[in-house]
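Have a look at the structure below before the remarks.
The values are calculated or read from the model by the stated rules, or taken from the named source; none is laboratory data. The model shown is predicted, which means the values in this text are computed figures rather than measured ones. Cβ atoms come from the backbone with ideal geometry, glycine included; neighbour counts cover every protein chain shown.
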Amino acid sequence: MGRATPIAKIAIASPLRSLFDYRLPDVFSGDADATVGLRVQVPFGRRQVIGVVVAIADHSAVATDKLRTIEVFIDQQPLLPAPLLELFLWAARYYQHPLGDALFRALPSLLRRGDALPDLRQTHWQLTDKGRGLAPNALAKAPRQRALIDRLLGEQAVDDAALAAQFSRAIIRLLESRELIAAHQVDASAATHPNPQVLRETPLVLGAEQQRAMAQIELTGFRCWLLNGITGSGKTEIYLQCIEQVLTAGRQALVLIPEISLTPQTKRRFTERFAVPLVVLHSGMTDKQRLAAWTRARNGEARIVLGTRSAIFTPLAAPGLIVVDEEQDGSYKQQDGFRYSARDLAVMRAQRENTPIILGSATPSLESLYNCELGRYSALYLNARAGSAKPADWQVVDMRDQSAPEGIASTTLEAIEQTLKRSEQVLVFLNRRGFAPAVLCHSCGWVAECRDCDARMTLHRGRNRIICHHCDKQLPPPQHCPSCRSTQLVATGEGTERSELLLQKQFPKVQVLRVDRDSTQVRGHMQQVFDTANSGVPCILIGTQMLAKGHHFDRVTLVVVVDGDGGLLSPDFRAGERMGQLLTQVAGRSGRSDLPGRVLLQTHQPDHPSLVLLLEQGYGAFAEQLLAHRKTQQLPPYRHLTLIRAESKDPQRAEKFLRIARQSAAELLPPTPQLGYLGPLPALMERRAGRYRYVLRIEAEQRTTLHQLLSRLMPVLERHQDPRHLRWSVDVDAQEL
Ligand code: ADP
Ligand code: ZN
Ligand code: ZN
């Protein structure tokens, strides 16, 4: 018997959980491990597919003579650096998602298809020795050729594009063929060379608190810092100064932000500060742009990588720091397909890359606060606003003794008027787009509901439609009640369109600018809103949470929360946390420069204890109380929660599948005080887009228990699936119930 042939374990883009075994061609037999991370093309059934070698094994469960051989290697170098490939392996196991699918979803689509990495090296032209030695009067009869030689005489090298702009290709090629000039490829990547010239502008002088935080942060080796600083306290300045050190040391920084709409603002701040190449990665890019940015990050040319959720999978040649801004933001959780948390993966990645990571927030998630308590993360605090700005003043508007037919109380309107009179700006927050969230019949009480969801239709006056916000079904608004034929239909409740209309009527002389998912459909609308707001003219901004996140408007001094009751009544145990975060974020939009800020919160429950605590003692105390509650209730972060979801047009199928799931799970690991099963239960919205949705909750004290269970349960569930009638998924660390 000879030595065992090395077997390559290959991940392919498919929903199948297994890896596939192939034989390596003989040339690799001495150096099989060098193939890990390479893309390959392999025969798969009757097709040819693209895969990635993820491991080498010395035997296979498949008989050696049945194994096929890898035919084509697409890459010369591993596509992903080893720590990133390991992160994928870990994430696929942790989130119980097929590795091939996770890997290929994260790759730029052109690479998924099997394209080669683009060659981003630049061509430069130089004189050869022969060219340099040319007599001054040579080429006298060829003035263009002479001119090109002269052009290169004074310089080390000239970029191809610059030369081609001055001289024709024919001349360049002619001189090259006569060996007077030569091309060479310059690798733009500076890999890990220390770079002393990273600054474009002088950094701000740090305030006392900022200095203290900065002095504590160590930028060598893995450590997770939670920068817990109120809005406007100068967290971004801390990121910038940490990044400066990392850049100077010749390393790269990866910065995650929650929203695409924040990219231009953040990018501007980074490029004003740093004279280094920066790339942006988000879902709004073309395939080619994405691939170019990805490649620049991978080869080390881009020193700063700025992106939304999926940018956590960007390969880096010399990682030095990861920053996750607004770490509590729900958009870091991918809610379908490969359901991962980019914030949690960022921490895992930093650990694998042995770099520090900073999670920043004015309203940290309970998970991160708990991790500080456990000593896993180190907390840094910024409790005062930077510069001369003061925290905003909260005031409650009790809606019970107010007349507010259009949802905005008269005292609120007065406050708006006063603010505008002082030539300042107002931000009105209402987390509901459209005109009105319900259309009902005044005569019989009929309500317009979605045919396919357990939800009401929202009236959109601008589009003249009633729209379901859960499945996007759209219909013309009814002219009469389908139940009693009455024409007395009323739109009840407030959406952003309605408030916009009311405010326009009340304040005809100022601009009312609306920002929500509808208004931003118009290209350039966001830019126009920002330009107007930044010009400083008195105006009213009205919008959903799109407007509440991270934006910085100097002249906003009054923030109005139209519906401060939302979140107090939801059955989702995270609703309170989200409400506290959102209200604090919104309030943080007010009084960001030297003008004092004020927040008016309209509510029907001014005495609600959570609300009182939040307003009187701030988010810190509020979060502490929530944590205490979660502890007594044994909810996350004290327990690890996984949901198995199933949906079907036939409610019984979905429920039955989860009953089998529960039974199988309990057979594998019976319930104990440390491991609980709950359900199947109907989802919070039981019917959506015509499908009935159920969930099975699995709660465990130990992650390891949960993962032992899940990895044994998945194959069982896969045997029971019925793809024509049922969809199911597993959501580890689920955020939505
Ligand atoms: P955060 O990220 O915590 O919301 P920022 O870093 O955006 O806060 O800072 C808020 C404002 O304060 C910005 O306009 C910023 O330029 C300014 N600022 C931050 N740090 C300082 C400082 N040390 N001195 C003066 N102004 C500062
Ligand atoms: Zn009716
Ligand atoms: Zn619907």
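All but one of (1) surrounded by 18 or more Cβ atoms within 10 Å (Cβ to Cβ); (2) touching a Leu at 6+ places or on another chain (Cβ under 8 Å) hold for LEU89; state the number of the condition that does not hold. That leaves (1) as the condition not met.
Of the candidates ILE149, ILE70, the single residue that is farther than 30 Å from MET348 by Cα, touching a helix residue (DSSP H, G or I) at 6+ places or on another chain (Cβ under 9 Å) and in contact (Cβ under 8 Å) with a residue 60 or more places away in the chain is ILE70. Exactly one residue among ILE50, ILE70 is at pLDDT 90 or above, surrounded by 14 or more Cβ atoms within 10 Å (Cβ to Cβ), touching a Phe, Trp or Tyr at 6+ places or on another chain (Cβ under 7 Å) and not hydroxyl-bearing (Ser, Thr, Tyr), and that residue is ILE70. When the strands (runs of 3 or more DSSP E) confined to segment 466-557 are screened for residues that are under 30 Å from the mean Cα position of the chain (by Cα), those reaching at least 3 such residues are found at 511-515, 539-543. Among residues of segment 312-334 that are farther than 18 Å from ARG105 by Cα, those with a beta-carbon under 7 Å from a residue that is in a loop (DSSP other than H, G, I, E, B) and of a type in the set (Val, Ile, Thr) at least six positions away or on a different chain give the pairs ALA318/THR192; PRO319/THR355; GLY320/THR355; LEU321/THR355; ILE322/THR355; ASP325/ILE257; GLN328/THR363.
It is to be established whether one or more residues within segment 259-275 are more than 23 Å from the chain's Cα centre (by Cα) and either within 16 Å of ligand 2 (Cβ to nearest atom) or within 26 Å of ALA106 (Cβ to Cβ) (or both). For segment 259-275, residues more than 23 Å from the chain's Cα centre (by Cα) and either within 16 Å of ligand 2 (Cβ to nearest atom) or within 26 Å of ALA106 (Cβ to Cβ) (or both): absent.
So that you can scan it fast, the table gives a plain yes or no per residue for (1) at pLDDT below 95; (2) under 23 Å from TYR95 (Cβ atoms); (3) within 16 Å of ligand 3 (Cβ to nearest atom); (4) of a type in the set (Lys, Arg):
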residue	(1), (2), (3), (4)
LEU627	no, no, no, no
GLN633	yes, no, no, no
ILE644	no, yes, no, no
ARG659	no, no, no, yes
TYR692	no, no, yes, no
ILE698	no, yes, no, no
GLU718	yes, yes, no, no
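Of all the residues in segment 222-242, those that are in a loop (DSSP other than H, G, I, E, B) and at pLDDT 95 or above number 1. Within segment 438-465, restricting attention to residues that are part of a loop (DSSP other than H, G, I, E, B) and surrounded by 20 or more Cβ atoms within 10 Å (Cβ to Cβ), which residue is farthest from ligand 1 (Cβ to nearest atom)? Ranking the candidates gives ALA448 first.
Picking from residues in segment 243-255 that are within 25 Å of GLY207 (Cβ to Cβ) and either touching a strand residue (DSSP E or B) at 6+ places or on another chain (Cβ under 6 Å) or among the aromatic types (Phe, Trp, Tyr) (or both), the one that is farthest from ligand 1 (Cβ to nearest atom) is VAL246. Filtering segment 280-293 to residues that are in contact (Cβ under 8 Å) with a residue 60 or more places away in the chain and closer than 20 Å to LEU262 by Cα leaves only ARG290. Any idea which residue in segment 409-421 is farthest from ligand 2 (Cβ to nearest atom), counting only those that are touching a strand residue (DSSP E or B) at 6+ places or on another chain (Cβ under 8 Å) and not polar (S, T, N, Q)? In this case the residue turns out to be LEU420. ARG290 meets the conditions (1) more than 12 Å from the chain's Cα centre (by Cα); (2) surrounded by fewer than 21 Cβ atoms within 10 Å (Cβ to Cβ); (3) in a helix (DSSP H, G or I) in every case but one. The failed one is (2).
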